[in-house]
4 protein chains.
Amino acid sequence: MINAVIIGASGYTGAELIRLLSNHSKVKIAALVAESNAGKKADELYSHLYGAGLPDLVTFDEVDFTGVDVAFCCLPHATTHNIAKRIPESVVIIDLSADFRIDDATTYEAWYAVPHTAAELQANAVYGLTEHARDAVRRARLIACPGCYPTSMLLPLLPLLRQKIISGEGIIVDAKSGITGAGRGAKTANLFTEVNDSVRPYGIGGHRHVAEVEQELSKVAGEAVQISFTPQVVPMNRGILSCIYATFLGGKTIKEARKALTDAYRDDPFVVVLPEGKTPQTRDVMGSNQCRIALFEDRVAGRIIVLSVIDNLVKGASGQAVQNMNIRFGFSEAEGLESLALFP
Amino acid sequence: MINAVIIGASGYTGAELIRLLSNHSKVKIAALVAESNAGKKADELYSHLYGAGLPDLVTFDEVDFTGVDVAFCCLPHATTHNIAKRIPESVVIIDLSADFRIDDATTYEAWYAVPHTAAELQANAVYGLTEHARDAVRRARLIACPGCYPTSMLLPLLPLLRQKIISGEGIIVDAKSGITGAGRGAKTANLFTEVNDSVRPYGIGGHRHVAEVEQELSKVAGEAVQISFTPQVVPMNRGILSCIYATFLGGKTIKEARKALTDAYRDDPFVVVLPEGKTPQTRDVMGSNQCRIALFEDRVAGRIIVLSVIDNLVKGASGQAVQNMNIRFGFSEAEGLESLALFP
Amino acid sequence: MINAVIIGASGYTGAELIRLLSNHSKVKIAALVAESNAGKKADELYSHLYGAGLPDLVTFDEVDFTGVDVAFCCLPHATTHNIAKRIPESVVIIDLSADFRIDDATTYEAWYAVPHTAAELQANAVYGLTEHARDAVRRARLIACPGCYPTSMLLPLLPLLRQKIISGEGIIVDAKSGITGAGRGAKTANLFTEVNDSVRPYGIGGHRHVAEVEQELSKVAGEAVQISFTPQVVPMNRGILSCIYATFLGGKTIKEARKALTDAYRDDPFVVVLPEGKTPQTRDVMGSNQCRIALFEDRVAGRIIVLSVIDNLVKGASGQAVQNMNIRFGFSEAEGLESLALFP
Amino acid sequence: MINAVIIGASGYTGAELIRLLSNHSKVKIAALVAESNAGKKADELYSHLYGAGLPDLVTFDEVDFTGVDVAFCCLPHATTHNIAKRIPESVVIIDLSADFRIDDATTYEAWYAVPHTAAELQANAVYGLTEHARDAVRRARLIACPGCYPTSMLLPLLPLLRQKIISGEGIIVDAKSGITGAGRGAKTANLFTEVNDSVRPYGIGGHRHVAEVEQELSKVAGEAVQISFTPQVVPMNRGILSCIYATFLGGKTIKEARKALTDAYRDDPFVVVLPEGKTPQTRDVMGSNQCRIALFEDRVAGRIIVLSVIDNLVKGASGQAVQNMNIRFGFSEAEGLESLALFP
């Protein structure tokens, strides 16, 4: 048994960690940190947690880190680097913000508009896209879990680029997300009345998640890759569907694309490459840690369409965080993450 | 480990049983029966089940019952009694239809408009409202799981009537249900387009679930109890909220009502009586086997308002079925049912 | 042509007035008042209004009331009475808040927790439940439009009580509302994530709308009437369904109840008493000014179930306001309100 | 006043025509045709139509075409050409199916898998994308209204291709639609339970609407244009959002693109080119006949992103049909179509 602290327990990824860790046989939740809600009971923030036997919320300063093995940081972007420095070195940090995903401090500051205050931690952080980072995760002090959109794009794109199946040029990603991706902040635009019965694009050509995606794609492509990315909010709580449009590199075929992906993820419990003819939908993975990928040859010669679905709060956030924890602490990789999707 | 067969695996309660049993450490799904879909793979009916390692669908006649311990019947009302007779006697039957809930064959025929063809099974069936039937469930050959609406009403009402806190006269139940309660049949009225953005009452003054509720209430009241019942469909998949309006028996108070319920369910893992001031919503129990109950003194003197929420597919159907199985086979009552609700 | 000013144009009832008045052949929108949004264009608040040819938002003090015939007040409860005093006397006031609905200042202060500062206006205000107040509306300086829940209850209940068909004792109203009823304020509880897939009761036994309902019911009953009232939020934008449970007065029947209502509303364009066997749903009136009512004899002898649906933003707010304006200014009562419901 | 017949009145586009024509001062609905529902009242199919004063449903053979000016055909694809031949020649036909959209019979048969039986009508049919076909519409016997997806794509793409702003190669359209686009047929996949809380791609690389889009694009481009097209269903009733990705032709800029579109639609009441920085959502046009278009320069040099929203049942079907009728019969083009969108 290890002891875990959740810092930023009042947001949706914090609540999802509570759900997943409550199902985990090897983890005890030692503390729930939520500065502005400190002193409250967990069920005052989340009524479904009534009776779940959780500790009350505390401030960061109230946490006794003695015996704590891992801290999950579920704080907003650009605040985590200030907190992370204050966590004792003996504690493994699994961060769900963007603060440690970007290798280069200048790039970070360009996209997130604040100077990074924990450069030494950033330098040693591991980008925790689990299936592509197991060795590094196993030894990491700080694991930066990828963003939700990036996870849904990188899992299909990395093997295709690495195997030179598709071109790094002209990749277009049209992504649709449930509204939990926007967090629990009280904003008019996210009221039920405003989200219901509508599809709403936002951040056209400039979403911050592009930074980490291009960073990771460029690494495997061996050259600078730039993508077109259009995120959209749809009226549902959970789920991301990324539709990826790309061109085959000289002569490559859908068959080779499928082989590249099935080979890459043959032994992975959570990445499912669908057989020909199957089309994924976001409900297929609601509440589950799976990423499902489907490949289609386009009618337009030389083009491929890749569809990828995840639950943004699970494989796109808290589930991948637990998966990384499992690897880091030598547990079975799927421990606590094996539930089937909730349907209907 | 016991072996389970699910008969009627193509409906929503069948799919929910698959989800719950997949999480259960003591049960192996030996066969999935679905007459008209026999020969298909489970994921051809439910895409989220792709890769879940389930057996293909078969007809009832194809099932080898050797070594099978329990059969869950998830068939429509009025067809189960024909199938149940054909299940070997060594197999425990846990039925989710209404066919064995009504003690009296004449009453059954009056409400369900068909003669009962398995009277001997009916005579020995146990009405499996778990918290009120553990002893009988432990020894039962056939357990008739209560309907979803009845579960949400009976759990709060039985202790209040038994303790003479409220009157058996003038009980009014206004209930709202997610649309999964209507099953997976392809009906125009249940299309997304028709259910979305609307609340729709139906079966005013004549829903069949009234029969079993009045049967059980009359038993504890010691006299014939009749209720007013108005079911409504709301645009959500899962959940039932029953608002129950009743009158206190001479001088009884909200305090005594709360005490009666907390006493009745003190040691029950799945019935939660909320403290004063807390109001339940259906999301609190989405995907969970809990029933949450809240009690309010009305502004109108002498009246009480009782709110009760369940997930109709879990505590209202497949979850209660697994709970009964746990008791029947000597497992821990909560085994496989301990997950927190999915929120958000 | 008359000139109208909308005060409180940034809320949902303000936006709905804009929609309805844009369809009205006899009204020009002269000014849109929204203190904290003054200076903005209408489509900065409501993107669908882009290009609709509306005036920019202004403060109250910036309005030139010369030539203005009518002012719609769409402000929160307890702030309207301060503004109303400052509107020139030549301008007819149609108020959508609760501030002028309660005849008695003490009762108002008890429910709304502030002293009333415009007692003389209150004394002369007309409670504008149109079908029951046409003569008074025709001459009124200030028309207080009923609340949304009250409209849905009073339309069916007033004739039944006046004709002594039902008892004033033991009336129970279980009401479900779309979330627009909560307004556009940015509250966590009203985020899409929190409202989606759930039914949520609130304000059990103490919703403020009870005050005006009991006031009006008591008037026609000739004695103090108290009701049980349970409001609930369902995941939809618009619509209210009130399920009303009552008892027949000695020997009265469903036939007499139906006759009382059809007689009462025979010539009314917006109150539809459904024939036997028809059940209303809220979608039937989405975007329309109709109130639809259905009557059912309960299985329990001597009891009646009344269902009533409205669109809370139309007949429950802005539509009734326009209907009152039509009567007040001598236009056809249905002018600008004749569109069919939007379905699907 | 002209007399209109709606053939296929039981589907959603038929119901939407009823809504729009009821608002139209120059049209009387003379007959509603629905073969399998003949004999029923309109409100037996659509409860919101109760009391709307509509004729009962009849078979085609029961229609007396004397005095009828226009027939709207709202029948499924591949059945309309059989019916259209039987409509008297004096009657203008406005068809909402795909049967007369494709100029070339061979292409039609390739996509719709049936031989065309009304080749002479097809030869003279006008493709009624109103803003690009007014002259032809004015004189047409048969107007083939474009599909919903095609309308949303063609309105932005035609001027851009005609003005040589963008290349005809490499156009990618990622489109999201409300579920009304699937019609009212009772299919399991379209149940509320299955559509709710999910995004579902379908018909990848092979949707039939591609045929008419490529036909029209090729005409203005002067060469064969092929597009990549991915349709998706989102959990809402109405609305289409098309995200269009294209490349600028040598040196062309976003400024020139915006000018081309604003010039093209300067005087059109229903095509709104949004100013820089505004992003449309589908709710902006719910219930309205508008198409809203926004243009964005991509981060990737030389690329443009075009967003386009319509209500699939209005500008994408019945609204455009009425707009065409208005032009054909010399009414004001916007008559009956001027209502603002319904929001919230």
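The values are calculated or read from the model by the stated rules, or taken from the named source; none is laboratory data. No experiment lies behind these values; they were computed from the predicted model shown. Ideal geometry is used to build each Cβ from the backbone, glycine not excepted, and the neighbour counts take in all protein chains shown. The accessibility values were calculated without ligands, DNA or RNA, using every heavy atom of the protein model including side chains. Shrake-Rupley method; radii C 1.70, N 1.55, O 1.52, S 1.80 Å.
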Checklist line | Qualifying positions in the stretch C:117-132 - under 21 Å from the mean Cα position of the chain (by Cα) and farther than 23 Å from C:Thr13 by Cα | finding: C:Ala123, C:Asn124
Check: Say we look at the stretch C:197-209 and pick out the residues that are of a type outside the set (Asp, Glu) and open to solvent by less than 10 Å² (accessible area, probe 1.4 Å); which of these is nearest to A:Gly181 (Cα to Cα)?
Finding: C:Ser198
Note to self: Among the numbered criteria (1) in contact (Cβ under 8 Å) with a residue 40 or more places away in the chain; (2) in contact with a helix residue (DSSP H, G or I) (Cβ under 7 Å, 6 or more places away or on another chain), which one does D:Tyr112 miss?
What the structure shows: (2)
Item checked: Residues within the stretch B:118-149 that are farther than 25 Å from C:Thr247 by Cβ, at pLDDT 95 or above and not in a loop (DSSP other than H, G, I, E, B), tallied -> 15
Item checked: Scan of the stretch A:172-181 for residues that are within 9 Å of another protein chain (Cβ to nearest Cβ) and aliphatic (A, V, I, L, M), ordered by number -> A:Ile172, A:Ile179
Next item on the list: May I ask you to list the residues in the stretch C:274-293 that are farther than 21 Å from D:Ala15 by Cβ and either within 8 Å of chain B (Cβ to nearest Cβ) or charged (D, E, K, R) (or both)?
Entry: C:Glu276
Margin query: Can you pull out every residue in the stretch D:299-316 that is within 13 Å of the chain's Cα centre (by Cα) and either open to solvent by 10 Å² or more (accessible area, probe 1.4 Å) or within 19 Å of A:Gln232 (Cβ to Cβ) (or both)?
Written below: D:Val309, D:Ile310, D:Asp311, D:Asn312, D:Gly316
Next item on the list: Name the single residue, out of those in the stretch C:253-297 being without any contact (Cβ under 8 Å) to a residue 12 or more places away in the chain and not hydroxyl-bearing (Ser, Thr, Tyr), that is least open to solvent (accessible area, probe 1.4 Å).
Entry: C:Pro275
Notebook entry, point to check: Does the stretch C:160-196 hold any residues that are under 30 Å from D:Thr193 (Cβ atoms), assigned to a helix (DSSP H, G or I) and open to solvent by 30 Å² or more (accessible area, probe 1.4 Å), and which are they?
Noted result: C:Gly181, C:Ala182, C:Thr188, C:Ala189
Check: Of C:Val309, C:Val272, which residue is closer than 25 Å to C:Ser177 by Cβ, touching a Leu at 6+ places or on another chain (Cβ under 6 Å) and in a strand (DSSP E or B)?
Finding: C:Val309
Check: Of these, B:Ile293, B:Ile304, which one is in contact with a Pro (Cβ under 6 Å, 6 or more places away or on another chain), assigned to a strand (DSSP E or B) and aliphatic (A, V, I, L, M)?
Finding: B:Ile293
Margin query: Out of B:Ala246, B:Ala264, I need the residue that is small (Gly, Ala, Ser) and either at the interface with chain C (Cβ under 10 Å from one of its Cβ atoms) or within 30 Å of C:Ala224 (Cβ to Cβ) (or both). Which one?
Written below: B:Ala246
Notebook entry, point to check: Within the stretch D:201-208, can one find any residue that is assigned to a helix (DSSP H, G or I) and over 30 Å from B:Val195 (Cβ atoms)?
Noted result: no
Notebook entry, point to check: Checking C:Pro150 against (1) in contact with a helix residue (DSSP H, G or I) (Cβ under 8 Å, 6 or more places away or on another chain); (2) open to solvent by 10 Å² or more (accessible area, probe 1.4 Å), which single condition isn't satisfied?
Noted result: (2)
Item checked: Selection from the stretch B:33-62 of residues that are among the β-branched types (Val, Ile, Thr) and open to solvent by less than 20 Å² (accessible area, probe 1.4 Å) -> B:Val33
Next item on the list: Please go through the stretch C:133-147 and pick out each residue that is closer than 25 Å to C:Thr13 by Cβ, open to solvent by 10 Å² or more (accessible area, probe 1.4 Å) and not small (Gly, Ala, Ser).
Entry: C:Arg134, C:Arg138, C:Arg139, C:Arg141
Margin query: Against the conditions (1) within 26 Å of A:Gly319 (Cα to Cα); (2) assigned to a strand (DSSP E or B); (3) among the β-branched types (Val, Ile, Thr), where does A:Val220 fall short? Just the number, please.
Written below: (2)
Notebook entry, point to check: What are the residues in the stretch B:15-54 that are within 9 Å of another protein chain (Cβ to nearest Cβ) and touching a Pro at 6+ places or on another chain (Cβ under 8 Å), if any?
Noted result: B:Ala15, B:Ser47
Notebook entry, point to check: Are there any pairs with C-beta distances below 9 angstrom linking a residue in the stretch D:314-330 that is more than 17 Å from C:Phe343 (Cα to Cα) and assigned to a helix (DSSP H, G or I) to a residue that is polar (S, T, N, Q) and open to solvent by 10 Å² or more (accessible area, probe 1.4 Å), with the two at least 6 apart or on different chains, and if so which?
Noted result: D:Ala321/D:Thr13; D:Asn326/D:Ser332
Note to self: Taking the conditions exactly as written (open to solvent by less than 10 Å² (accessible area, probe 1.4 Å) and under 30 Å from B:Asn237 (Cβ atoms)), does A:Val322 satisfy them or not?
What the structure shows: yes
Next item on the list: Being in contact with a His (Cβ under 8 Å, 6 or more places away or on another chain), at pLDDT 95 or above, closer than 24 Å to A:Ala125 by Cα and of a type in the set (A, V, I, L, M) narrows it down to one of A:Val314, A:Val322, so name that one.
Entry: A:Val322
Next item on the list: Answer with yes or no whether C:Ala78 is touching a residue at least 24 places away in the same chain (Cβ under 8 Å) and aliphatic (A, V, I, L, M).
Entry: yes
Item checked: Leading residue by the ranking (nearest to A:Gly183 (Cα to Cα)) among those in the stretch A:63-109 that are open to solvent by 60 Å² or more (accessible area, probe 1.4 Å) and outside any loop (DSSP other than H, G, I, E, B) -> A:Asn82
Next item on the list: Check the stretch B:2-18 and report whether any residue there is free of Cβ contacts under 8 Å to residues at least 60 places away in the same chain and open to solvent by 10 Å² or more (accessible area, probe 1.4 Å).
Entry: no
Check: Restricting the first residue to the stretch B:185-211 and requiring it to be at the interface with chain C (Cβ under 7 Å from one of its Cβ atoms) and closer than 17 Å to C:Thr279 by Cα, which pairs with a second residue that is among the aromatic types (Phe, Trp, Tyr) and open to solvent by 10 Å² or more (accessible area, probe 1.4 Å) meet a Cβ separation below 7 Å and a spacing of at least six or different chains?
Finding: B:Ile204/C:Phe296; B:Gly205/C:Phe296
